[in-house]
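A.B. asks: What follows is a single structure, and I will ask about it in a moment.
The values are calculated or read from the model by the stated rules, or taken from the named source; none is laboratory data. This structure is a prediction, so every number in the text was calculated from the model and none was measured. Every residue, glycine among them, receives a Cβ derived from its backbone with ideal geometry; neighbour counts consider all protein chains shown.
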Amino acid sequence: METSATMQGSEACFDVAGWHLGASRSPSPNCDAWPGDVQPWLVVIHAISLPPEQFQGDGVEALFTNRLDPKAHPYYEGIAHLRVSAHFFIRRDGSLIQFVPLSRRAWHAGVSSRNGQERCNDYAIGIELEGSDLQPFEMAQYHCLAQLLGELCLVLPLRDICGHSDVAPGRKTDPGPFFNWETLRAQLLVQHCDALASR
């Protein structure tokens, strides 16, 4: 994957490895190389809260960095063994954490397909929002997400965006019914990210 010229331009938001210059960085070991010379063209939107329906804790970061204590909460006993990650995580207040650089493949989609193409991890950027199927997302999260997507469109050939439920129907439900795609599309137009706004 190309990670040099476009990411080091005068208006670059990413360093040469694909770390966002404005995000908090929490490197995850749960990643590997993109297959071949693939450049990601899809963005998959997820939602997560750990423990479920609880926000602003450190559970998500602990899970993605293999530090989740199975004794810290009953729910954690069933997931502490998982080796998963996403490229980005947007908290309720709109703050941005990056776990995997753009130059690496994150493990976020699992068994999945988009437009007949299997293994979405092989060609998708994963973005997690702190949230659930049962609560609306915060406007600060939409603002951060739209800005991030606009920045990603400058360095990657993105042409599609969808929810985790779209690539793993029947297995996943996130980002859920409270995620407002129209709100995101309106903000993507402001960011001049027309390729994703039209999806």
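A.B. asks: Of the numbered conditions (1) farther than 18 Å from CYS13 by Cβ; (2) in contact (Cβ under 8 Å) with a residue 24 or more places away in the chain; (3) of a type outside the set (Gly, Ala, Ser), ARG185 satisfies every one except a single condition; which is it?
C.D. replies: If we test ARG185 against (1) farther than 18 Å from CYS13 by Cβ; (2) in contact (Cβ under 8 Å) with a residue 24 or more places away in the chain; (3) of a type outside the set (Gly, Ala, Ser), just (2) comes out false.
A.B. asks: Looking at this structure, is ASP160 within 22 Å of ASN30 (Cβ to Cβ) and in contact (Cβ under 8 Å) with a residue 40 or more places away in the chain? Even if it seems obvious, please write down each step before you answer.
C.D. replies: Numbers: within 22 Å of ASN30 (Cβ to Cβ): no; in contact (Cβ under 8 Å) with a residue 40 or more places away in the chain: yes.
Judged against the criteria, ASP160 is not a match.
A.B. asks: Can I ask one more? Could you list, in sequence order, all residues of segment 164-181 that are of a type outside the set (A, V, I, L, M, F, W, C), within 22 Å of TYR123 (Cα to Cα) and either touching a Ser or Thr at 6+ places or on another chain (Cβ under 9 Å) or assigned to a helix (DSSP H, G or I) (or both)?
C.D. replies: Within segment 164-181, HIS164, SER165, ASP166, ARG171, LYS172, THR173, ASP174, PRO175 meet the criteria.
A.B. asks: Name the residue, out of LEU184, LEU129, that is touching a Phe, Trp or Tyr at 6+ places or on another chain (Cβ under 8 Å), outside any helix (DSSP H, G or I) and buried (at least 16 other Cβ atoms within 10 Å of the Cβ). Spell out how you get there, then give the answer.
C.D. replies: Values: LEU184 fails: outside any helix (DSSP H, G or I).
When all the criteria are applied, what remains is LEU129.
Conditions (1) within 19 Å of ALA33 (Cα to Cα); (2) surrounded by 21 or more Cβ atoms within 10 Å (Cβ to Cβ); (3) of a type in the set (S, T, N, Q); (4) in contact with a His (Cβ under 8 Å, 6 or more places away or on another chain), marked per residue:
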position	(1), (2), (3), (4)
THR65	yes, no, yes, no
ILE79	no, no, no, no
ARG83	yes, no, no, no
HIS87	yes, yes, no, yes
ARG92	no, no, no, no
GLN98	yes, yes, yes, yes
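A.B. asks: Hey, could you check segment 152-172 for residues that are touching a Gly at 6+ places or on another chain (Cβ under 9 Å) and of a type outside the set (A, V, I, L, M, F, W, C) and say which is surrounded by the most Cβ atoms within 10 Å (Cβ to Cβ)?
C.D. replies: Here the answer is HIS164.
A.B. asks: Now, a different point. Going through ALA47, ALA62, ALA109 one at a time, which residue ends up being among the small types (Gly, Ala, Ser), under 25 Å from PRO177 (Cα atoms) and not in a loop (DSSP other than H, G, I, E, B)?
C.D. replies: ALA47
A.B. asks: Output the number of the condition that ASP93 fails; it satisfies all remaining conditions of (1) in contact (Cβ under 8 Å) with a residue 24 or more places away in the chain; (2) acidic (Asp, Glu); (3) out of contact with any Asp or Glu (no Cβ under 8 Å at 6 or more places or on another chain).
C.D. replies: (3)
A.B. asks: Go through segment 47-79 and count every residue that is touching a Phe, Trp or Tyr at 6+ places or on another chain (Cβ under 9 Å), closer than 29 Å to LEU158 by Cβ and in contact (Cβ under 8 Å) with a residue 40 or more places away in the chain.
C.D. replies: 4
A.B. asks: Mind counting the residues in segment 63-100 that are touching a helix residue (DSSP H, G or I) at 6+ places or on another chain (Cβ under 8 Å), among the aromatic types (Phe, Trp, Tyr) and within 21 Å of GLU138 (Cβ to Cβ)?
C.D. replies: 3
A.B. asks: Follow-up question, since we're still on this one. With the structure loaded, tell me whether ASP58 is at pLDDT below 95, out of contact with any helix residue (DSSP H, G or I) (no Cβ under 7 Å at 6 or more places or on another chain) and not aliphatic (A, V, I, L, M) or whether it fails that test.
C.D. replies: no
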